[in-house]
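Following: one structure in structure tokens, then a few remarks.
The values are calculated or read from the model by the stated rules, or taken from the named source; none is laboratory data. Predicted, not measured: the structure shown is a model, and the values here were computed from it. Here the Cβ is made from the backbone with ideal geometry for all residues, glycine too, and neighbour counts use every protein chain on show. Note: accessible area is taken over every heavy atom of the protein model, side chains too, but ligands, DNA and RNA are not part of it. Shrake-Rupley method; radii C 1.70, N 1.55, O 1.52, S 1.80 Å.
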Amino acid sequence: MIPARWAAHHRRADHELLGYLRPVDAIPGYFIPVTVFGYPLGAPAEERQARQCLERSGLAYLAQDWLLSLPDHSRPVAVQIVEATPRHLRVKNIDYGYPDANIGHVFVVDVPTTGQLRPR
């Protein structure tokens, strides 16, 4: 679940959630812009710059392919995002080389993702 201290989220003009501004504990007043599921989109920056990063990224990251690391598989599995909420992320298998699940199989991942997901 997205931590309550990430409450400095950012919404665009139509109120759609673009992501969160994760506070940097070691640098007061600095934030890391992250997706709605907690993946970092940029380096630590002052609030205005972090918000600009979220604006530039928009929600395009939801449409791209990602790689999901699974504990029982040596290489990451190619996936696409199906649903992203503050509690979980649902992604579907698009990797023909992954023998343990059919194409379209949905994996549920806890949010924020901690090293388990990265862009393809």
Roughly what would the spin-label model give for Leu59 and Ala101, points 7 Å off Cα along C-beta, in nm? 2.3 nm
Counting helices only, and only those DSSP H runs with n ≥ 4, report the 222 nm mean residue ellipticity of the chain as the sum of -39,500 (n - 2.57) divided by its residues, in deg cm²/dmol to the nearest 500. -3000 deg cm²/dmol
What the Cα atoms of the chain span along the principal axes, largest first and in whole Å, is 46, 32, 22
Report the label-to-label distance for Leu67 and Thr114 in nanometres (one decimal), using points 7 Å from each Cα along the Cα→Cβ vector. 2.2 nm
Arg22's amide H: which non-local residues (gap 5+, or another chain) put their own amide H closer than 5 Å, with H modeled 1.01 Å from N in plane and none for Pro or chain starts? Ile32, Val34
R0 = 30 Å: FRET efficiency of Arg90 with Asp14, Cβ-based, nearest 0.05? 0.85
Select from the range 86-116 those trypsin sites (Lys or Arg not before Pro) which occupy a DSSP coil region and have at most 16 other Cβ atoms within 10 Å, ordered by residue number. Arg87
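Restrict the search to the range 1-70; then list the trypsin sites (Lys or Arg not before Pro) that DSSP places in a loop and that have at most 15 other Cβ atoms within 10 Å of their Cβ. Before the final figure, lay out each step's value.
Working: sites: Arg5, Arg11, Arg12, Arg48, Arg51, Arg56; in loops: Arg12.
The qualifying sites are Arg12.
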Phi to ³J(HN,Hα) by Karplus 6.51 cos²θ - 1.76 cosθ + 1.60 over the range 15-29, Hz, x for Gly, Pro: 6, 6, 6, 8, x, 10, 9, 7, x, 9, 4, 6, 10, x, x
For the chain, what % of the accessible area comes from carbon and sulfur atoms, probe 1.4 Å? 51 percent
